[in-house]
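Novice: Okay, here's the structure, questions in a sec.
The numbers here are math on the coordinates, done by the rules we state, and not lab data. Owing to the predicted nature of the structure, the values given are computational and were not obtained by experimental measurement. Please note: Cβ atoms are built from the backbone with ideal geometry, for glycine as well, and neighbour counts cover all protein chains shown.
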Amino acid sequence: MPAKLAAGNWKMNGTGAALTEIEALQSSHPAPGCDVLICPPATLIARMADMTSGSAIAVGGQDCHAAAGGAHTGDIAATMLTDAGASHVILGHSERRADHGESSADVLAKAVAATEAGLVAIICIGETLEEREAGRTLEVVLGQLEASTPDASSAETVVIAYEPVWAIGTGKVATLEQIAEVHAAIRDALAGRFGDGGDFSILYGGSVKPSNAAEIFGVANVDGALVGGASLKAADFSGIITALEASGG
Ligand code: PEP
């Protein structure tokens with residue numbers, strides 16, 4: 001069975017003051033019935049990892065460099081994330097693919113570095129609105145999946161996040177039929193390539209909030225969510241965790 005995961009992506013939001021949200025989350029979910037992960041800005045990883053040590057909340061990075069170290073100003077190596085207390089890293093988020101020109105080959109190299117460092121790589125894939133309207137959704141998503149995922153991937157080292165680009169931060173959510181179609185195709189592709197495709201966690205991401213989480217988690221092959229805006233406030237993220245705990249999946 002795939003692990004159920006509620007993953008929060010704080011993006012470039014939050015200073016030390018935001019750590020009170022983690023305290024609130026620990027109070028509302030001392031023993032969550034699903035995996036819970038927060039990926040704060042890099043500046044907060046070590047402090048958050050100290051706070052959550054021994055608790056059920058895991059901490060992750062939002063990106064890493066493919067190299068082990070060296071002259072890469074502003075970048076972070078995968079081993080630096082583990083050293084800071086991270087257990088996961090988000091890779092290939094559409095904002096990085098768009099803002100930093102990251103290709104699937106770049107994401108693959110980062111994913112290899114991350115998994116070799118002992119991190120779980122959350123590999124993001126998703127189509128733009130233009131690609132969907134051109135009927136290219138599955139071609140794009142499965143192409144990114146194939147090209148971004150290491151050959152040595154397993155359900156223990158890699159999580160896939162399907163995030164339609166047009167649904168991220170826009171308030172537009174893919175329909176349940178659209179989510180079902182893409183998640184089933186991802187599951188089939190993983191099974192075809194890795195054999196244990198049924199065990200990989202496949203997250204949906206794109207304007208997930210407490211009010212729509214339950215119906216999204218009811219869709220076949222949805223094992224959790226990657227959540228941006230609604231992960232910033234404990235009260236909102238808590239509602240999503242509760243929906244995932246209650247889902248049959
Ligand atoms: C994301 O950042 O991956 C995301 C899905 O953002 P939001 O939930 O705000 O749409």
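Novice: So how do Asp50, Asp99, Asp63 line up by other beta-carbon neighbours within 10 Å, fewest first?
Specialist: With the sparsest Cβ surroundings first, the list reads Asp99, Asp50, Asp63.
Novice: Then there is this: Rounded to the nearest 500, what is the 222 nm mean residue ellipticity of the chain from helices alone, with -39500 (n - 2.57) per DSSP H run of 4+ residues and division by all residues?
Specialist: Estimated from H runs of four or more residues: -12500 deg cm²/dmol.
Novice: Taking the Cα centre as origin and putting +1 on Lys and Arg beta-carbons and -1 on Asp and Glu beta-carbons, what dipole magnitude results for segment 131-171, to the nearest 20 debye?
Specialist: 140
Novice: While we're on this one: Can you find, among Leu176, Thr79, Val208, the residue sitting farthest towards the positive end of the charge dipole of the chain, where Lys and Arg contribute +1 and Asp and Glu -1 at Cβ?
Specialist: Highest projection toward the positive end goes to Val208.
Novice: What length, rounded to one decimal in nm, is gained on full extension from Ala134 through to Ala220, with 0.36 nm per residue of separation minus their alpha-carbon distance?
Specialist: Gain on extension, Ala134 to Ala220, equals 28.4 nm.
Novice: Under a point-charge model restricted to the Cβ atoms of Lys and Arg (+1) and Asp and Glu (-1), what is the dipole moment magnitude of the chain relative to its Cα centre, in debye to the nearest 20?
Specialist: Computed about the Cα centre, the dipole is about 420 debye.
Novice: Show which lysines lie in cross-link reach of Lys4 when reach means a straight Cα distance below 17 angstrom and same-chain residues fewer than eight apart are skipped.
Specialist: Qualifying lysines at Cα under 17 Å: Lys209.
Novice: Once you treat every alpha carbon in segment 151-191 as an equal point and sum by Debye, what is log10 I(q)/I(0) at q = 0.24, 0.35 Å⁻¹?
Specialist: -0.88, -1.21
Novice: Quote the convex hull volume per residue of segment 114-179, based on C-alpha atoms, as a whole number of Å³.
Specialist: About 99 Å³ per residue, rounded to a whole number.
Novice: Something else about it: Using the C-alpha atoms of segment 14-133, what convex hull volume per residue, in cubic angstrom, is computed?
Specialist: Spelled out: Cα convex hull of segment 14-133, divided by residues, is 132 Å³.
Novice: Here is a further query. Would you mind ranking His100, His183 by Cβ crowding within 10 Å, fewest neighbours first?
Specialist: Ranking His100, His183 by Cβ neighbours within 10 Å, fewest first, gives His100, His183.
Novice: Treating the Cα atoms of segment 130-217 as identical point scatterers in vacuum, please give the log10 of the normalised Debye intensity I(q)/I(0) at q = 0.20, 0.25 Å⁻¹, two decimals.
Specialist: -0.98, -1.33
Novice: What is segment 62-107 by shape, rounded, prolate or oblate, if you read a ≥ b ≥ c off the alpha carbon gyration tensor as root eigenvalues and call it rounded for a/c under 1.5, prolate for a/b larger than b/c, and oblate otherwise?
Specialist: It comes out oblate by the Cα gyration axes.
Novice: Who wins for biggest fluctuation among Leu119, Leu129, Leu190 in a Gaussian network model of the chain, springs between alpha carbons below 10 Å?
Specialist: Of Leu119, Leu129, Leu190, the most mobile in the Gaussian network model is Leu129.
Novice: Compute a Gaussian network model of the chain, connecting alpha carbons closer than 10 Å, and tell me which residue from Ala42, Ala180, Ala68 fluctuates the most.
Specialist: Result for the chain, Cα springs under 10 Å: Ala68 fluctuates most.
Novice: Among Lys110, Lys4, rank each residue by its count of other Cβ atoms within 10 Å, from fewest to most, as a rough exposure measure.
Specialist: Exposure proxy ranking, most exposed first: Lys4, Lys110.
Novice: Calculate the length of the line joining the C-alpha centroid of segment 111-138 to that of segment 209-239, in whole Å.
Specialist: Distance between centres, Cα-based: 19 Å.
Novice: While we're on this one: What are the lysines whose alpha-carbon lies under 22 Å from the alpha-carbon of Lys110, with same-chain residues fewer than 8 places away excluded?
Specialist: Within reach: Lys11.
Novice: Something else now. Suppose the chain between Glu156 and Thr15 were pulled fully straight at 0.36 nm per residue; how much longer would it get relative to their current alpha carbon spacing?
Specialist: Taking 0.36 nm per residue and subtracting the Cα distance, the gain is 47.7 nm.
Novice: Using alpha-carbon positions, what is the distance between the centroids of segment 1-60 and segment 145-176, in Å?
Specialist: What the calculation gives is 20 Å, centre to centre.
Novice: Just how large is the dipole of segment 190-249 about the Cα centre, in debye to the nearest 20, putting +1 at every Lys and Arg Cβ and -1 at every Asp and Glu Cβ?
Specialist: Around 200 debye, computed over segment 190-249.
Novice: Taking springs between alpha-carbon atoms closer than 10 angstrom, which of Thr170, Thr82, Thr128 fluctuates most in the Gaussian network model of the chain?
Specialist: Result: Thr170 has the largest fluctuation of those listed.
Novice: If you take the C-alpha gyration tensor of the chain, multiply each eigenvalue by 5 and take the square root, what semi-axes do you get, largest first, in whole Å?
Specialist: 24, 22, 17
Novice: Would you please give the FRET efficiency between Thr73 and Ala184, computed as 1/(1 + (r/R0)^6) with r the Cβ-Cβ distance and R0 = 41 Å, to the nearest 0.05?
Specialist: E(calc), rounded to 0.05, equals 0.45.
Novice: To continue, here is another question. Tell me the GluC sites (Glu not before Pro) within segment 133-242 that lie in a loop according to DSSP and have at most 15 other beta-carbon atoms within 10 Å.
Specialist: Glu156
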